[in-house]
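Derivation of every value follows stated rules applied to the coordinates shown; laboratory data play no part. Since the structure is predicted, the reported quantities are computational estimates derived from the model, not experimental observations. Quick reminder, even Gly has a Cβ in these numbers, built from the backbone with ideal geometry, and neighbours come from all protein chains shown.
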Amino acid sequence: MSRAPSSGPQPTSDAYFAEMWGRADDPWDHGSRWYEKRKYGLTVAALPRPRYRRAFEPGCGAGFLTAALASRTDHLLAMERSPRGVSVTRRRCAAMPGVDVRRGRIPHDWPADTFDLIVLSEVLYYLDDDGLALSLRRAGESLEPDGHLIAVHYRPPVEEHARLGDDVHGALRAALGEPMATYQDAEFVLDVFSSPRPVGGSTPSSPSLSQPPADRPT
Ligand SMILES: C[S@@+](CC[C@H](N)C(=O)[O-])C[C@H]1O[C@@H](n2cnc3c(N)ncnc32)[C@H](O)[C@@H]1O
């Protein structure tokens with residue numbers, strides 16, 4: 001029996017991504033725009049722990065954030081729908097141990113592994129309702145009990161996006177609960193979530209008992 005199509009927003013078209021990635025190795029100018037540099041810096045700075053064992057970053061694009069995350073992770077699985085994006089990210093991270101770049105699309109290629117860090121940067125607003133709901137479900141299932149999920153999305157409307165960044169973060173909060181940390185300005189919103197399945201049943205925002213106390217300013 002065929003499934004009725006979702007009545008909500010349509011996903012961003014395959015043609016859009018083919019056209020963008022047909023243009024350049026860095027089609028969104030991630031390597032040169034101050035918006036990206038500032039946002040990557042804040043994203044990495046907002047990670048609560050100094051190191052993560054195993055991270056997943058779907059929609060890694062040209063791999064600029066991937067390279068920044070590599071220095072904080074023992075193993076990082078970066079996924080990208082575009083073969084060109086996969087090649088560019090592989091080249092950028094070639095000298096970085098523990099970075100595995102795979103071709104794939106969320107939600108359907110969401111890996112079966114579990115992660116203590118999931119990074120969703122500028123990727124969820126391309127999905128339709130079903131794709132977003134399934135991605136959030138897979139994220140909640142694959143986040144380890146002591147894990148963190150960080151999400152960051154552009155806020156102003158963009159014609160090619162299926163939905164606003166604010167709507168993405170509303171859906172994330174509905175799925176994962178209130179973020180343990182948040183940053184928002186006119187350009188982007190960034191939320192950090194702890195696992196919905198916390199270690200030992202403690203509250204989502206409380207630190208894991210297995211972690212040493214965080215460094216404190218003196
Ligand atoms: C705006 S770029 C952001 C790249 C990177 N996350 C960053 O913040 O620099 C979005 C990337 O996600 C990829 N993408 C879009 N939808 C995807 C999906 N469903 N699964 C995997 N990659 C996707 C696009 O090809 C593009 O490279």
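Rg/Rh for the chain stands at 0.95; both radii use Cα atoms, and Rh follows the Kirkwood definition.
For F188, the residues whose amide H sits under 5 Å from its own are R155, ignoring neighbours fewer than 5 places away on the same chain, with H placed 1.01 Å from N.
Annotation: amide H-H contacts under 5 Å for G147 (H modelled 1.01 Å from N, sequence separation of 5 or more, or interchain): S195.
Only bridges with both residues in the chain count here: give the DSSP antiparallel percent, nearest 5. Beta bridges within the chain, antiparallel portion: roughly 35 percent.
Nearest 0.05, what FRET efficiency do A181 and A18 give at R0 = 35 Å with Cβ-Cβ as r? Walk me through the numbers on the way to the answer.
Details: r = 36 Å, r/R0 = 1.04.
Computed FRET efficiency for A181 and A18: 0.45.
Per-residue ellipticity at 222 nm computed for the chain from its helices equals -9000 deg cm²/dmol, with DSSP H segments shorter than 4 residues left out and the rest contributing -39,500 (n - 2.57). Scanning residues 5 or more positions from V99 or on other chains, those with amide H under 5 Å from its amide H are L76, with H placed 1.01 Å from N in the peptide plane.
When both bridge partners sit in the stretch 10-107, DSSP labels roughly 0% of those beta bridges antiparallel.
Legend: calculated FRET efficiency, R53 to H108, from the Cβ-Cβ distance at R0 = 22 Å, rounded to 0.05, equals 0.30.
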